[in-house]
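Taking it in order: structure first as structure tokens, then the write-up.
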Amino acid sequence: MIPFVDLKAQYHSIKPEIDAAIARVLETTQFVLGSEVAAFEKEFARYCETDQAIGVNTGTSALHLALLAAGVCPGDEVLTTPFTFVATVAAIGYAGARATYVDIDPRSFTIDPAKIEEAITPRTRVIMPVHLYGQAADMDPILEIARRRGLVVIEDAAQAHAARYKGKRLGSLGDLGCFSFYPGKNLGAYGEGGAVVTSNPEYTEKIRLLRDWGAPVRYQHKLKGYNYRLEGMQGAILNVKLPRLDAWTNARRAHAAEYTAALAGSGVETPAVCAYGEHVFHIYAVRTRQRAALQTFLSERQIQTGIHYPIPVHLQEAYADPAYPPGSFPHTEAAASEVLSLPMFAELTSEQIREVASAIHEFGRTSRGA
Ligand SMILES: *Cc1c(COP(=O)(O)O)cnc(C)c1O
């Protein structure tokens, strides 16, 4: 069986260090925040080329607190794309704001900057590009519009650790950048985790307060805060993993290049890599009009795949908005019905990649009736 992701392979490659890190936390009893989290925040900020990183309990909390730090209030609008994981839009709702959308660019699957301006209203406060699958949104035009219109830019970089746009780390381009350390992400904890990165000291201070009950001093609550603290155990695990992120990222990029070469002529469309950035392939998604049949075919050959994401957020029952009926975002809706994510993780082997590719070629031959 070729799994979609294999978290065990990675654990076994670093087991002694992980086990020691966990034991260290048990001995110090710094289970919540503490020195491991502080050390991780310092290293992660350095890695992201920002002044500060604030560790929180999930990527969703990172987005929520970034929105609050940016001053988003009930009645405000936050502009993003509907082709994302639901957390992007859920966080906007947690801040009391309304999500407004523009369609994606069909090549990059990220927000189409050419459509942003016409979607801005007097209530828009934030533009939230999502660096979907590990590829940067086209940030220069987004930042230019935001500057001219007085909007805050919050990057949803939950799938894009280590990725770059024109040489700069994602998360560092906007006013705030949000990461998830959910186990399956490119930098994953062994539990939940997230972080906000920023170089704005006011945002940093507000987020540090909000993640821990709004209390600069214990039991003195300056702001209405949350329990969004990052656990010590996760900080210690992330400290072991962060120094390996570059090697793991390079492995993913190499696997993606192998897939793309091996899939030429197979009948599926392989992912575009935009020249402006460095894609880190959190997800390697191909496109095909015969997705359901291909997914079944691969599954019968013990190859696991995924769909990210089958229903765009504007068509989700829980997030329906009368302003966005079906058909509102043609590129998003087409992508949602055609993308198929192939197995992708650093420890994937060339042999496994060849096996997946040859199964897809075989499907192509049979479905074309050859
Ligand atoms: C994973 C993810 C999130 C949420 O992160 P959690 O840590 O699961 O809360 C937000 N946005 C995107 C695009 C994601 O992929």
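Just one of Thr249, Thr270, Thr260 is closer than 30 Å to Pro16 by Cβ, in the same structural domain as Ser337 (by TED's automatic domain parsing) and either buried (at least 22 other Cβ atoms within 10 Å of the Cβ) or not acidic (Asp, Glu) (or both); which is it? Steps first, please.
Working: Thr270 fails: closer than 30 Å to Pro16 by Cβ; Thr260 fails: closer than 30 Å to Pro16 by Cβ.
Thr249 is the lone residue from the list that is closer than 30 Å to Pro16 by Cβ, in the same structural domain as Ser337 (by TED's automatic domain parsing) and either buried (at least 22 other Cβ atoms within 10 Å of the Cβ) or not acidic (Asp, Glu) (or both).
Only one of Val280, Val273, Val356, Val286 is out of contact with any Gly (no Cβ under 9 Å at 6 or more places or on another chain) and in a loop (DSSP other than H, G, I, E, B); which?
Selected residue: Val273, the only one of Val280, Val273, Val356, Val286 that is out of contact with any Gly (no Cβ under 9 Å at 6 or more places or on another chain) and in a loop (DSSP other than H, G, I, E, B).
Can you pull out the residues in the range 126-158 that are more than 16 Å from the ligand (Cβ to nearest atom) and small (Gly, Ala, Ser)?
Ala146, Gly150 - these are the residues of the range 126-158 that are more than 16 Å from the ligand (Cβ to nearest atom) and small (Gly, Ala, Ser).
Check every one of the helices (runs of 4 or more DSSP H) wholly within the range 1-91 and list those with 3 or more residues that are at pLDDT 95 or above and surrounded by 24 or more Cβ atoms within 10 Å (Cβ to Cβ).
35-48, 59-69
Among the residues of the range 312-324, is there at least one that is of a type outside the set (Val, Ile, Thr) and touching a strand residue (DSSP E or B) at 6+ places or on another chain (Cβ under 7 Å)? Full working, then the answer.
At the first step, the residues of the range 312-324 found to be of a type outside the set (Val, Ile, Thr) are 312, 314-324.
Next, from what is left, pick out any that are touching a strand residue (DSSP E or B) at 6+ places or on another chain (Cβ under 7 Å): 314, 324.
For the range 312-324, residues of a type outside the set (Val, Ile, Thr) and touching a strand residue (DSSP E or B) at 6+ places or on another chain (Cβ under 7 Å): present.
Can you tell me which residues in the range 203-232 are assigned to a helix (DSSP H, G or I) and either of a type outside the set (D, E, K, R) or without any contact (Cβ under 8 Å) to a residue 12 or more places away in the chain (or both)?
Once the filter is applied, which keeps residues that are assigned to a helix (DSSP H, G or I) and either of a type outside the set (D, E, K, R) or without any contact (Cβ under 8 Å) to a residue 12 or more places away in the chain (or both), the range 203-232 yields Tyr203, Thr204, Glu205, Ile207, Leu209, Leu210, Gly232.
Looking only at residues in the range 126-159 that are more than 20 Å from Val197 (Cβ to Cβ) and among the basic types (Lys, Arg), which one is surrounded by the most Cβ atoms within 10 Å (Cβ to Cβ)?
Arg149
Would you confirm, using the coordinates I've provided, whether Pro216 is modelled with pLDDT under 95, assigned by TED's automatic domain parsing to the domain that holds Ala146 and more than 12 Å from the chain's Cα centre (by Cα)?
Numbers: modelled with pLDDT under 95: yes; assigned by TED's automatic domain parsing to the domain that holds Ala146: yes; more than 12 Å from the chain's Cα centre (by Cα): yes.
So Pro216 passes the test.
The values are calculated or read from the model by the stated rules, or taken from the named source; none is laboratory data. Given the structure is predicted, the values throughout are model-derived calculations rather than measurements. Note that we place each Cβ from the backbone using ideal geometry, even for glycine, and neighbour counts take in every protein chain shown.
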